[in-house]
Amino acid sequence: MFYNFIQKFHAGWAYLALLLLVVAVINAAVGMISKKDFTPKDRKIALFGLIATHIQLVVGLILYFVSPWGKAALASMSDPSSRLTALEHPLVNIIAIVLITIGWSKHKKATTNEAKFKCIALFYGLGLIFILSRIPWHLWL
């Protein structure tokens, strides 16, 4: 019962987390290109993307440790599908969320509007690419 709830929450929350991350990247890219001021609204958009991805990470880690697939998948690394769900997906997504967190931290230290937008666009964008590269699409769609 708990495993099914966590699995469905992780799958459902992923849509929201990806949407907020895409919005944050687009907002930062538009802000950087148009050379607009970095406003509290821009900060909140980036913060919501950061929070959503961190919640997804925590739920994903819980899922990883309560999943019946975990131990069996780790034993069969030669199977690409098992390797994706047991190793590549969690590892690459942790790296992606670290990049997003670095982008958030660097934007706070930036002194110009352009630098703030650039930090968010670059690091959140890289995180988004990493996340999209390791989604187990065959299980998700």
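The values are calculated or read from the model by the stated rules, or taken from the named source; none is laboratory data. Predicted model only: the values in this text are computed from it and were never measured. All Cβ positions, glycine included, derive from the backbone under ideal geometry; neighbour counts span all protein chains shown. Ligands, DNA and RNA are excluded from the accessible area calculation, which covers all protein heavy atoms including side chains. Shrake-Rupley method; radii C 1.70, N 1.55, O 1.52, S 1.80 Å.
Exactly one residue out of LEU16, LEU47, LEU20 is open to solvent by 40 Å² or more (accessible area, probe 1.4 Å), under 19 Å from LEU139 (Cβ atoms) and part of a helix (DSSP H, G or I), and it is LEU16. Does the stretch 87-102 include one or more residues that are farther than 24 Å from HIS10 by Cα and in contact (Cβ under 8 Å) with a residue 40 or more places away in the chain? So far as the stretch 87-102 goes, no, none of its residues is farther than 24 Å from HIS10 by Cα and in contact (Cβ under 8 Å) with a residue 40 or more places away in the chain.
Considering SER81, SER76, the condition of being surrounded by 12 or more Cβ atoms within 10 Å (Cβ to Cβ), at negative phi and modelled with pLDDT under 90 is satisfied by SER81 alone. One residue is enough: does the stretch 55-67 have a residue meeting the conditions open to solvent by less than 80 Å² (accessible area, probe 1.4 Å), free of Cβ contacts under 8 Å to residues at least 24 places away in the same chain and not in a helix (DSSP H, G or I)? No: zero hits.
Only residues that are among the polar types (S, T, N, Q) and either in contact with a helix residue (DSSP H, G or I) (Cβ under 6 Å, 6 or more places away or on another chain) or part of a helix (DSSP H, G or I) (or both): list them for the stretch 75-107, please. Within the stretch 75-107, SER76, SER81, SER82, THR85, ASN93, THR101, SER105 qualify. Can you tell me which residue in the stretch 108-141 is modelled with the lowest pLDDT, limited to those that are in contact with a helix residue (DSSP H, G or I) (Cβ under 6 Å, 6 or more places away or on another chain), open to solvent by less than 40 Å² (accessible area, probe 1.4 Å) and not in a helix (DSSP H, G or I)? Result: PRO136. Say we look at the stretch 1-13 and pick out the residues that are open to solvent by 50 Å² or more (accessible area, probe 1.4 Å) and hydrophobic (A, V, I, L, M, F, W, C); which of these is nearest to GLY127 (Cα to Cα)? Top of the filtered list is TRP13.
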